[in-house]
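The values are calculated or read from the model by the stated rules, or taken from the named source; none is laboratory data. It should be emphasised that the depicted structure is a prediction, and the values quoted were computed from it without experimental measurement. We place every Cβ from the backbone using ideal geometry, glycine too, and count neighbours over all the protein chains shown. To get the accessible areas, we keep the full protein, side chains included, count just its heavy atoms, and leave off ligands, DNA and RNA. Shrake-Rupley method; radii C 1.70, N 1.55, O 1.52, S 1.80 Å.
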Amino acid sequence: QVQLVESGGGLVQPGGPLRLSCAASGSIVSINVMAWYRQAPGKGRELVATIIAGGSTRYGDSVKGRFTISRDNAKNAVYLQMDSLKPEDTAVYYCNANLHTGQLPYAMDYWGEGTLVTVSS
């Protein structure tokens with residue numbers, strides 16, 4: 001059993017910062033990719049950022065230069081530092097991990113339940 005638990009969401013004013021955290025727990029052997037996605041009201045799920053075990057990162061065009069993804073491999077955790085937030089960043093943010101549990105010969109995707117970020121004055 002694997003669980004991903006997000007934290008750090010909330011209400012923030014435009015231009016402000018917010019930091020999201022996600023910790024994976026359970027029968028984890030290794031984690032390949034960790035990522036953040038988001039889903040705004042009435043829209044589909046959108047990739048925000050990804051980070052592989054070696055540290056290489058990739059960002060969605062709408063957050064480049066404002067958001068920073070990082071991970072702590074020892075803690076099976078991933079973080080998202082969000083700066084210069086805009087109202088259009090309002091969404092539920094989901095943590096994702098592609099990982100091996102040792103129970104299957106291949107990696108699988110796991111998701112957190114999401115944390116709401118609201119950017120408003």
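Brief remarks on what is shown
- For the chain, averaging the sequence separation of C-alpha pairs within contact (under 8 Å, six or more residues apart) and dividing by the residue count gives a relative contact order of 37 percent.
- Cβ-derived FRET efficiency at R0 30 Å, Arg58 paired with Ser25, nearest 0.05: 0.75
- Positive minus negative residues near Asp83 (Lys, Arg vs Asp, Glu; Cβ under 15 Å): +2
- Thr57, Thr50, reordered so the largest accessible area comes first (probe 1.4 Å): Thr57, Thr50
- Anisotropy class of the range 60-121 from Cα gyration tensor, a/c 1.5 cut: prolate
- Ranked by the mean number of other Cβ atoms within 10 Å of their residues, highest first, the peptides 29-38, 101-110, 11-20 come out as 29-38, 11-20, 101-110.
- Other residues with beta-carbon under 13 Å from the beta-carbon of Gly9 carry, at +1 per Lys or Arg and -1 per Asp or Glu, a net charge of -1.
- Distance between the pseudo-spin-label points of Ser7 and Glu88 (7 Å out from Cα toward the beta carbon): 3.2 nm.
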